[in-house]
Amino acid sequence: MAIRVMLVDDQVLLRTGFRMVLAAQPDMEVVAEAGDGAEAIEVLRSTAVDVVLMDVRMPRLDGVEATRRICASTDPPKVLILTTFDLDEYAFSGLKAGASGFMLKDVPPGELLSAIRSVHSGDAVVAPSTTRRLLDRFSPMLPSGRKEPRHKRVEKLTEREREVMLLVAQGLSNGEIAGRLVLSEATVKTHVGRILTKLGLRDRVQVVVLAYETGLVRAGGGTG
């Protein structure tokens with residue numbers, strides 16, 4: 001079954017370009033479009049969508065607030081934020097609002113398609129470099145690092161799961177974590193899945209945010 005994609009952007013030409021790229025894929029279908037966040041929310045009430053490609057700067061209702069409202073709904077689609085502006089504030093706000101990824105609009109088509117498939121499968125698409133840069137900048141505003149986690153849910157994790165969580169929080173991919181811990185990539189994926197279930201989180205982006213908010217990871221990638 002094709003991945004049902006919705007395009008949300010106030011620029012018609014950009015939506016047309018994205019639609020052409022996606023239409024050429026046998027496993028994707030553009031089922032809806034909207035010119036701003038408010039229209040997107042309205043359309044989603046009557047249209048089944050798997051992945052929303054969401055712009056940030058739009059009239060009436062911006063992409064961050066639209067993402068927050070969409071992700072707070074029952075059984076929401078995944079949201080992948082696409083923006084022209086490489087600003088940390090947009091990425092951080094979007095991820096906190098519930099987006100599963102953040103990418104620039106000038107990303108090569110192949111990477112965009114890969115990101116859509118990854119988000120649809122339940123993964124997150126924030127490059128490790130972006131993750132580290134974001135959290136190195138914003139973590140001083142979050143609680144300072146402590147030796148013991150302040151979030152009760154984290155205590156449910158095994159020692160190995162907590163080890164994997166810390167590496168996820170530092171922006172490492174499953175492959176990089178596998179190399180670091182001398183595990184198979186499939187085993188790492190299993191650990192990540194268990195972490196998400198135990199912590200009640202949607203994807204690895206939320207793992208990253210939780211790790212910083214609880215002080216498990218500090219600015220600069222250090223662990224608490």
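Filter the range 141-162 down to the residues that are farther than 12 Å from Val207 by Cβ and crowded, with 16+ Cβ neighbours inside 10 Å, then identify the one that is modelled with the highest pLDDT.
At the first step, the residues of the range 141-162 found to be farther than 12 Å from Val207 by Cβ are 141-150, 152, 155-156, 158-160.
Now narrow it down to the ones that are crowded, with 16+ Cβ neighbours inside 10 Å: 142, 145, 149.
Numbers: Leu142: 46, Gly145: 40, Pro149: 43.
Selected residue: Leu142.
Could you please find all residues in the range 37-89 being closer than 28 Å to Pro108 by Cβ, surrounded by fewer than 19 Cβ atoms within 10 Å (Cβ to Cβ) and at pLDDT below 90?
Selection gives Arg57, Thr84, Phe85, Asp86, Leu87, Asp88, Glu89.
Arg162: more than 18 Å from Asp123 (Cβ to Cβ) and in the same structural domain as Gly215 (by TED's automatic domain parsing), yes or no?
Values: more than 18 Å from Asp123 (Cβ to Cβ): yes; in the same structural domain as Gly215 (by TED's automatic domain parsing): yes.
Here the answer is yes, as Arg162 does meet what is asked.
The values are calculated or read from the model by the stated rules, or taken from the named source; none is laboratory data. From a predicted model like this one, the values you see are computed outputs, not experimental measurements. Positions of Cβ are backbone-derived with ideal geometry, glycine not excepted, and every protein chain shown enters the neighbour counts.
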